[in-house]
């Protein structure tokens, strides 16, 4: 079992990018350009490593290897992007790796590209890259061709050695458990459980009972053996269940207009631990958009627009508007789900103003709203 934090340290010890790993300060999959560049890197590394894993480390400064971290990324559909654009698509895995000195909401992203020993190429154009383009690495440089490409195995021994040196042990596991408990105060109820006498899972979250339902907010779940953060939520309500083989996370979205509100099931994630030292993670999308009164929706939408207009003009808000500002991202989210025209563009336009507010929880709600919409889009 590989300790992913130690693996990242071993990869960064090589300092410069090379033909089996790349490092990025951040990636974006929200634009065609961002998707195209990510696809290029995956393709180049896959074609340059036909018999061994290759890696992309995200959240690291390029010049001095300083670990800055990125936001937790939980897009389980990233493989769909790879499959839809490539012939011979490699299997990839995106993992969120916790580092103790990073802020609680930051991780280092690790993309593992598994070998397929086949030439990967674009099967349709994207951005400025044409159909049939084959990317590959020569040292730290990505190159491309439209003709034939011969696979060459040059990195297998060195990558095997790096992965072997990143193997987990009892000391690393215990240190990981202690670090997890130190990072989470008692109010977050840090807990651990051992599955199949092999896997150590730690989780923490603020417990909240609503009527007959028990939820946890600000949930953090980490597979300590691999130093991988499996789940993180700054705000959402989460239900946690487990048995001797599985750990089950059901995420809810709290939506409210006036006095009309509820917790709506959003997504279920099941982590199943096997006897062979491996685990599977399966997600099930549960969300059905609620129906609110149209008249109330339009009133809320217009109120949000009025507040946003004042923020743009740097005008003072009334006490009532300050209270409504707390729910502005959520109200815009409800309007988008209810097909109110321009609601999505208004939500996106609010980013620059919400990000600069003193109360950072409002901007966190904005990011959560976009995450919800992104997952809905991918699961349609």
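Of the residues contained in the range 255-277, none is found to be within 21 Å of the chain's Cα centre (by Cα), assigned by TED's automatic domain parsing to the domain that holds residue 371 and touching a residue at least 60 places away in the same chain (Cβ under 8 Å).
When the criteria are applied in full, residue 247 meets the requirement of being modelled with pLDDT of 95 or more, in contact with a strand residue (DSSP E or B) (Cβ under 9 Å, 6 or more places away or on another chain) and closer than 22 Å to residue 230 by Cβ.
Within the range 101-120, residues that are free of Cβ contacts under 8 Å to residues at least 40 places away in the same chain have Cβ atoms under 9 Å from residues that are part of a loop (DSSP other than H, G, I, E, B) and crowded, with 16+ Cβ neighbours inside 10 Å in these pairs: 102/59; 102/69; 103/69, counting only partners at least 6 apart in sequence or on another chain. Take the conditions touching a residue at least 60 places away in the same chain (Cβ under 8 Å), surrounded by 15 or more Cβ atoms within 10 Å (Cβ to Cβ), outside the structural domain of residue 198 (by TED's automatic domain parsing) and not in a helix (DSSP H, G or I) and apply them to residue 10. Does it pass? Against the criterion (touching a residue at least 60 places away in the same chain (Cβ under 8 Å), surrounded by 15 or more Cβ atoms within 10 Å (Cβ to Cβ), outside the structural domain of residue 198 (by TED's automatic domain parsing) and not in a helix (DSSP H, G or I)), residue 10 does not qualify. Does the range 337-351 contain at least one residue that is exposed (fewer than 12 other Cβ atoms within 10 Å of the Cβ), farther than 30 Å from residue 78 by Cα and outside the structural domain of residue 249 (by TED's automatic domain parsing)? No, the range 337-351 contains no residue that is exposed (fewer than 12 other Cβ atoms within 10 Å of the Cβ), farther than 30 Å from residue 78 by Cα and outside the structural domain of residue 249 (by TED's automatic domain parsing).
Residues in the range 250-278 that are within 30 Å of residue 168 (Cα to Cα) and at pLDDT below 90: 275, 276, 277, 278.
Here is a yes/no grid of residues against (1) out of contact with any strand residue (DSSP E or B) (no Cβ under 9 Å at 6 or more places or on another chain); (2) within 23 Å of residue 178 (Cα to Cα):
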residue	(1), (2)
53	no, no
56	no, no
62	no, no
65	no, no
69	no, yes
73	no, no
79	no, no
83	yes, no
100	yes, yes
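For the subset of the range 100-111 comprising residues that are touching a helix residue (DSSP H, G or I) at 6+ places or on another chain (Cβ under 9 Å) and surrounded by fewer than 18 Cβ atoms within 10 Å (Cβ to Cβ), which member is farthest from residue 202 (Cα to Cα)? If we take residues in the range 100-111 being touching a helix residue (DSSP H, G or I) at 6+ places or on another chain (Cβ under 9 Å) and surrounded by fewer than 18 Cβ atoms within 10 Å (Cβ to Cβ), then 105 is farthest from residue 202 (Cα to Cα).
Within the range 266-298, being outside any strand (DSSP E or B), touching a strand residue (DSSP E or B) at 6+ places or on another chain (Cβ under 9 Å) and within 30 Å of residue 321 (Cβ to Cβ) holds for 287, 289, 290, 292, 293, 296, 297. Scanning the range 116-153 for residues that are closer than 13 Å to residue 21 by Cα and surrounded by 14 or more Cβ atoms within 10 Å (Cβ to Cβ) yields a count of 3.
The values are calculated or read from the model by the stated rules, or taken from the named source; none is laboratory data. Being a predicted model, the structure only gives us computed values, none of them experimental. Positions of Cβ are generated from backbone atoms using ideal geometry, with glycine treated the same way; all protein chains shown enter the neighbour counts.
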